[in-house]
Amino acid sequence: MNKVAFWNRCRKDRRFFWEKCVRIRSQLEDGSFAAIPFIPNPEQNIVVNWLEDQEAAGQPVRFIILKARQLGMTTLAMALWFHMCIFRDLVRCQVIGHRKEDTRKISQIPILMNEELPRPIRSRCKAKNVGMGLFWKNRSWLECTTQGAEEGGRGDAPTAVHATELSSWDA
């Protein structure tokens, strides 16, 4: 597949893009960590299938996930938005963590994805890392902030929002 065909397939097929271009941090059986291809787990696939059904029906995609911890929903949100920011102009994605330390950890997910992009598409879609956000030449961005922070979410209308640990937020 040539570079143009690869780019077009990545743009049209987010699952192909994830498998071929997106790397996430994962713990291996021996306890070490490695950057591995993002292939959705069964719980993530339920959400992606539902999302794709909504898109195919022309419906707005909105969902609230009540779930157990550690199912990878934040990683899934980062993968969805990473794809969206690369292939669509002027997208505004925001992650709101409940504590500053958690926000910092979450911000490392898309940073790793950005740093691990494969050579065939890196020059066309690598983002600039500023603070806890990524900013693309197409004027899309993905930003992480903490609930209650003064700078968080002000002055813009996000395209997508992922709020973590809502039950732990300050009232």
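The values are calculated or read from the model by the stated rules, or taken from the named source; none is laboratory data. The model shown is predicted, which means the values in this text are computed figures rather than measured ones. With ideal geometry, Cβ positions are generated from the backbone for all residues, glycine too; neighbour counts draw on all protein chains shown. Quick note on the areas: whole protein, heavy atoms, side chains included, nothing else; ligands and nucleic acids left out. Shrake-Rupley method; radii C 1.70, N 1.55, O 1.52, S 1.80 Å.
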*Cα convex hull of the chain, projected area averaged across orientations, nm²*: 11.2
_Extension gain (nm, one decimal) between Asp89 and Lys128, 0.36 nm per residue minus Cα-Cα_ = 12.5 nm
*the chain, accessible surface, carbon-and-sulfur percent (1.4 angstrom probe)*: 50
*Rounded to the nearest 0.05, what FRET efficiency do Arg99 and Asn8 give with R0 = 45 Å and r taken as the Cβ-Cβ distance? Could you check?*
0.65
*So for the pair Glu115, Arg62, with labels modelled 7 Å out along Cα→Cβ, what separation do we get in nm?*
3.7
*Residues Phe135 and Leu71, FRET efficiency given R0 of 30 Å [Cβ-Cβ distance, rounded to 0.05]*: 0.55
*Once amide H atoms are built 1.01 Å from N in the peptide plane, which residues 5 or more positions from Val91, or in another chain, come under 5 Å H to H?*
Ser140, Trp141
*Note, ³J(HN,Hα) from phi for the stretch 86-100, Karplus 6.51, -1.76, 1.60, rounded to Hz, x at Gly and Pro*: 5, 9, 10, 7, 6, 7, 10, 10, 9, 10, 10, x, 8, 9, 4
